[in-house]
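Novice: Sharing a structure below in structure tokens format, with a few things to ask.
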Amino acid sequence: MDTLLIQTLNSLFYASILFLIASGLSLVYGVMRIVNMAHGNLYAFGAYVAAWVVGLATDRLHWTLLFVLLLSGALAAAAAGALLEPTLLRPLYTRAEEYQLLMTFGLLLILEDVMRLVWGPHPLTASAVSDTLASMSIMGVTYPAYNLFVIVVGGVAAVALWAFVYRTRFGVMLRATSQDMRMASALGINVKRVYVQAFTLGCFMAGLGGAVVMPISGAVLGMGIDALILAFVVVVIGGLGSLEGALVGALIVGFVRTLGITYFAEIELAVLYLIAAVVLFVRPAGLFARA
Amino acid sequence: MSPAPGRPGLLTPLELVGILTVAVVLVAVPFVAAPFQTITLCYGLVFAIAALGFNLLLGYTGLLSFGHSAYFGTGAYVTALLVKYLGWTSMEAFVVAGIVTSAAVAGLFGLVCVRYTRIFFGILTLALSQVLWSLALKLFWVTGGTDGLRVPTPRLFLGALTPAEDKLAFLAYRYYYYVLFLFGISVAVMWLVVHSPFGKALQAIRDNETRAEFVGVQVRRYRWIAFVVSGAFTGLAGTLWVPLNGLTTPDVLYWPFSGRIVFFVVLGGFKTFWGPILGALAYNYLETYAVGFTVYWQLVLGIVLVLLVLTMPQGLAGTLDALIRRWRKPALT
């Protein structure tokens with residue numbers, strides 16, 4: 001019973017990180033029809049900035065403020081997104097999608113080395129945030145409180161994103177652009193602005209994911225490349241462009257991975273990719289495809 | 001891809017002269033260049049074979065695969081496993097085994113992948129290639145995990161040439177010619193493939209799938225055959241790469257390596273036959289010197305790729321072609 005609870009919490013923890021990354025990837029694809037290969041590195045960028053800022057502030061600020069500082073990672077990634085979309089992606093919308101993929105692959109390479117250039121080759125850690133919380137006891141099981149915090153962040157982010165997309169005026173514009181960009185433009189929506197905002201929001205989510213995972217795993221080179229491929233698995237299972245799909249996909253991958261680590265560690269990753277391939281084979285647009 | 005109009009499939013005299021010149025230069029390289037230069041070029045030729053195979057899909061069939069590391073890695077790992085478990089040493093055996101297994105893997109993956117096009121094709125090829133990567137990484141008692149597998153210098157031509165000399169001289173001389181020979185065969189075979197009725201059918205599929213289907217092309221079947229041929233070429237490249245590198249690690253199966261193959265082809269220009277070869281050679285020099293020059297070589301490559309996409313979408317070959325046309329135009333009119 002105890003192991004079951006711990007495994008469930010681990011799965012949820014893992015799923016919330018994955019959701020933060022994959023929802024941004026899916027949002028950007030849904031609105032702009034671009035698969036952003038640099039998305040994983042924006043997640044890594046968020047982790048680096050958060051580690052750097054928190055590290056600077058650790059001894060000077062009260063520990064509760066450090067949690068607020070985690071937002072710096074998300075904001076930095078969002079700022080990078082707001083800068084990249086108009087300069088490097090906008091010229092490519094009329095071109096074949098191969099070029100968009102290549103552009104984001106080029107950005108991936110650049111971001112990887114920019115992080116190495118700025119923060120050096122060694123991992124950056126700022127565990128002060130997670131250490132202050134220690135462990136707490138839930139239903140007789142001790143569990144790191146910071147992991148619970150991450151689960152809560154994932155849950156809140158899911159609700160907030162859902163409300164944002166389905167309950168606000170901006171969300172209506174976003175969905176209209178996603179469904180028919182030309183029609184939306186004809187109805188007076190500033191599509192260019194929606195694109196910048198959608199891309200920025202997607203990067204914000206990635207950065208937030210990086211920032212909250214940082215106190216546990218640190219900021220490491222290559223984390224973005226590893227994360228991207230798992231985010232792909234999530235969005236492929238759930239359906240590219242669907243937020244519900246990203247949530248369900250993240251939960252499936254989270255649980256399968258936790259199970260995999262316990263029972264079939266050697267082929268855990270292979271099983272995940274195979275699940276993605278099977279889903280794509282059976283339902284090419286994913287489980288939550290929108291026509 | 002576009003020879004003189006009215007003479008499909010034939011080389012123009014200019015092209016023939018060009019090919020012969022390049023062939024003479026390639027044969028002469030070990031005599032005039034330092035071993036390091038020859039080996040660098042040898043890597044370039046190996047990558048060029050992979051790029052040729054890849055471009056059958058991208059340039060001729062219109063499918064962007066982001067999982068070609070799977071076939072390159074299959075060629076490499078099959079060779080390494082044959083050395084480790086069966087003690088094979090003959091390069092010819094490796095070449096045959098590499099081509100057959102990578103074609104088989106491509107045949108299997110292709111069954112799933114060719115049902116889709118565009119972005120879904122890309123993601124599916126990517127996902128399947130990562131199955132192989134994760135197996136190579138995790139089944140370390142078979143594959144050596146991240147340490148990879150070592151491969152000694154093989155015997156060439158059924159053991160007629162034993163690697164008695166020192167390794168550097170072997171690679172820069174005999175092995176270079178061996179690779180050059182197979183490179184020449186690969187180019188000739190690919191040339192015949194893309195200029196055959198089959199190659200024309202692929203181009204018809206690329207340009208208009210519906211029309212191709214209406215004139216009787218079995219689209220999915222042709223795509224599958226193209227996928228298998230493409231995988232076999234890339235697998236051959238992987239097999240030839242292993243003795244050169246002396247070691248194979250899961251990195252050649254990881255998806256950024258697929259990105260690298262895409263990079264070769266886009267750098268050279270995927271709308272021409274020769275572009276991918278040029279691109280693979282150019283990329284190899286770019287990377288070799290960028291790595292020697294700075295630890296931030298990925299930054300250099302990334303900037304090159306971004307600039308390429310923005311300013312030279314036709315790649316080196318396309319840009320060169322445009323320049324030549326502009327230069328020749330006044331003479332023609």
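The values are calculated or read from the model by the stated rules, or taken from the named source; none is laboratory data. Given the structure is predicted, the values throughout are model-derived calculations rather than measurements. Glycine also receives a Cβ, built like all others from the backbone with ideal geometry; neighbour counts cover every protein chain displayed.
Novice: Of all helices (runs of 4 or more DSSP H) completely enclosed by segment B:264-333, which ones contain at least 1 residues that are out of contact with any Asp or Glu (no Cβ under 7 Å at 6 or more places or on another chain) and at pLDDT 85 or above?
Specialist: Helices (runs of 4 or more DSSP H) meeting the threshold: B:275-293, B:297-311.
Novice: A further question follows. Regarding residue A:236, is this residue part of a helix (DSSP H, G or I) and either free of Cβ contacts under 8 Å to residues at least 12 places away in the same chain or surrounded by fewer than 24 Cβ atoms within 10 Å (Cβ to Cβ) (or both)?
Specialist: no
Novice: Within segment A:273-291, which residues are more than 8 Å from chain B (Cβ to nearest Cβ), in a helix (DSSP H, G or I) and either buried (at least 21 other Cβ atoms within 10 Å of the Cβ) or of a type in the set (Asp, Glu) (or both)?
Specialist: Listed by number, the list holds a single entry, A:279.
Novice: Is it the case that residue B:141 is surrounded by 20 or more Cβ atoms within 10 Å (Cβ to Cβ) and either modelled with pLDDT of 75 or more or in contact with a Gly (Cβ under 8 Å, 6 or more places away or on another chain) (or both)?
Specialist: Numbers: surrounded by 20 or more Cβ atoms within 10 Å (Cβ to Cβ): no; either modelled with pLDDT of 75 or more or in contact with a Gly (Cβ under 8 Å, 6 or more places away or on another chain) (or both): yes.
No; evaluated as a whole, the condition is false for this residue.
Novice: Among the residues of segment B:134-150 satisfying the criterion of being facing another protein chain (nearest Cβ under 8 Å) and in contact with a Leu (Cβ under 7 Å, 6 or more places away or on another chain), which is nearest to residue B:72 (Cα to Cα)?
Specialist: The residue in question is B:134.
Novice: May I ask you to list the residues in segment A:116-130 that are within 14 Å of another protein chain (Cβ to nearest Cβ) and either in a loop (DSSP other than H, G, I, E, B) or among the aromatic types (Phe, Trp, Tyr) (or both)?
Specialist: Narrowing segment A:116-130 to residues within 14 Å of another protein chain (Cβ to nearest Cβ): A:116-122.
A:119, A:120, A:121, A:122, listed by residue number.
Novice: Which condition breaks for residue A:267 when tested against (1) away from chain B (no Cβ under 14 Å); (2) part of a helix (DSSP H, G or I); (3) not small (Gly, Ala, Ser)?
Specialist: That leaves (1) as the condition not met.
Novice: Given (1) free of Cβ contacts under 8 Å to residues at least 12 places away in the same chain; (2) within 26 Å of residue B:190 (Cβ to Cβ), identify the lone condition not met by residue B:290.
Specialist: Tallying (1) free of Cβ contacts under 8 Å to residues at least 12 places away in the same chain; (2) within 26 Å of residue B:190 (Cβ to Cβ), residue B:290 fails exactly one: (2).
Novice: What number of residues in segment A:80-115 are more than 10 Å from every other protein chain (Cβ to nearest Cβ) and small (Gly, Ala, Ser)?
Specialist: 3
Novice: Regarding segment A:64-75, can at least one residue be identified that is away from chain B (no Cβ under 14 Å), without any contact (Cβ under 8 Å) to a residue 40 or more places away in the chain and more than 21 Å from the chain's Cα centre (by Cα)?
Specialist: For segment A:64-75, residues away from chain B (no Cβ under 14 Å), without any contact (Cβ under 8 Å) to a residue 40 or more places away in the chain and more than 21 Å from the chain's Cα centre (by Cα): present.
Novice: Right, here's the next one. Quick one: in segment A:131-146, which of the residues that are surrounded by fewer than 19 Cβ atoms within 10 Å (Cβ to Cβ) and part of a helix (DSSP H, G or I) is modelled with the highest pLDDT?
Specialist: A:145
Novice: For residue B:167, state whether it is within 12 Å of another protein chain (Cβ to nearest Cβ), among the basic types (Lys, Arg) and surrounded by fewer than 21 Cβ atoms within 10 Å (Cβ to Cβ). Full working, then the answer.
Specialist: Working: within 12 Å of another protein chain (Cβ to nearest Cβ): no; among the basic types (Lys, Arg): yes; surrounded by fewer than 21 Cβ atoms within 10 Å (Cβ to Cβ): yes.
Criteria not met by residue B:167.
Novice: Here is a follow-up. Check whether at least one residue in segment A:216-231 is aliphatic (A, V, I, L, M) and either part of a loop (DSSP other than H, G, I, E, B) or without any contact (Cβ under 8 Å) to a residue 60 or more places away in the chain (or both), and report yes or no.
Specialist: Yes, segment A:216-231 contains at least one residue that is aliphatic (A, V, I, L, M) and either part of a loop (DSSP other than H, G, I, E, B) or without any contact (Cβ under 8 Å) to a residue 60 or more places away in the chain (or both).
Novice: Return the residues of segment B:1-49 that are among the charged types (D, E, K, R) and either at pLDDT 85 or above or more than 23 Å from the chain's Cα centre (by Cα) (or both); say none if nothing qualifies. It would help to see each step written out before you state the result.
Specialist: First pass over segment B:1-49, keeping only residues among the charged types (D, E, K, R): B:7, B:15.
If the condition is that a residue be among the charged types (D, E, K, R) and either at pLDDT 85 or above or more than 23 Å from the chain's Cα centre (by Cα) (or both), then B:7 is the only one that fits.
Novice: Next question, about the same structure. Quick one: residue B:304 ticks every box in (1) under 18 Å from residue B:269 (Cβ atoms); (2) away from every other protein chain (no Cβ under 11 Å) bar one, so which box is it?
Specialist: Checking residue B:304 against (1) under 18 Å from residue B:269 (Cβ atoms); (2) away from every other protein chain (no Cβ under 11 Å), the one that fails is (2).
Novice: For residue B:236, indicate whether it is surrounded by 23 or more Cβ atoms within 10 Å (Cβ to Cβ) and either within 14 Å of chain A (Cβ to nearest Cβ) or outside any helix (DSSP H, G or I) (or both).
Specialist: Details: surrounded by 23 or more Cβ atoms within 10 Å (Cβ to Cβ): yes; either within 14 Å of chain A (Cβ to nearest Cβ) or outside any helix (DSSP H, G or I) (or both): no.
No, not satisfied.
Novice: Just one of B:114, B:131, B:95 is closer than 30 Å to residue A:37 by Cβ, more than 10 Å from chain A (Cβ to nearest Cβ) and out of contact with any Gly (no Cβ under 7 Å at 6 or more places or on another chain); which is it?
Specialist: B:114
Novice: Taking the condition of a type in the set (Ser, Thr, Tyr), over 21 Å from the mean Cα position of the chain (by Cα) and more than 20 Å from residue B:64 (Cα to Cα), does residue B:173 pass?
Specialist: Judged against the criteria, residue B:173 is a match.
Novice: Could I ask something else about it? What tally of residues in segment B:51-72 results from selecting those that are more than 20 Å from residue B:206 (Cβ to Cβ) and either away from every other protein chain (no Cβ under 14 Å) or not in a helix (DSSP H, G or I) (or both)?
Specialist: Looking only at that region, the number is 2.
Novice: In segment B:117-128, which residue that is within 20 Å of the chain's Cα centre (by Cα) and more than 8 Å from chain A (Cβ to nearest Cβ) is surrounded by the fewest Cβ atoms within 10 Å (Cβ to Cβ)?
Specialist: Top of the filtered list is B:121.
Novice: Can you find a residue in segment A:199-218 that is within 13 Å of chain B (Cβ to nearest Cβ) and in contact with a helix residue (DSSP H, G or I) (Cβ under 9 Å, 6 or more places away or on another chain)?
Specialist: no
Novice: May I pose another question? Are there any pairs with C-beta distances below 7 angstrom linking a residue in segment A:33-44 that is touching a residue at least 12 places away in the same chain (Cβ under 8 Å) to a residue that is aromatic (Phe, Trp, Tyr), with the two at least 6 apart or on different chains, and if so which?
Specialist: Partner pairs satisfying both residue conditions: A:35/A:29; A:37/A:105.
Novice: Restricting to segment A:44-62, name every residue that is under 15 Å from residue A:212 (Cα atoms) and of a type outside the set (Ser, Thr, Tyr).
Specialist: A:44, A:45, A:46, A:47, A:49, A:50, A:51, A:52, A:53, A:54, A:55
Novice: Based on this model, can you work out whether residue A:27 counts as assigned to a helix (DSSP H, G or I), free of Cβ contacts under 8 Å to residues at least 12 places away in the same chain and among the aliphatic types (A, V, I, L, M)?
Specialist: It is false that residue A:27 is assigned to a helix (DSSP H, G or I), free of Cβ contacts under 8 Å to residues at least 12 places away in the same chain and among the aliphatic types (A, V, I, L, M).
Novice: Sticking with this structure for a sec: So in segment A:12-47, with the set limited to residues that are of a type in the set (S, T, N, Q) and within 14 Å of chain B (Cβ to nearest Cβ), which one is farthest from the chain's Cα centre (by Cα)?
Specialist: Per the criteria, the residue is A:36.
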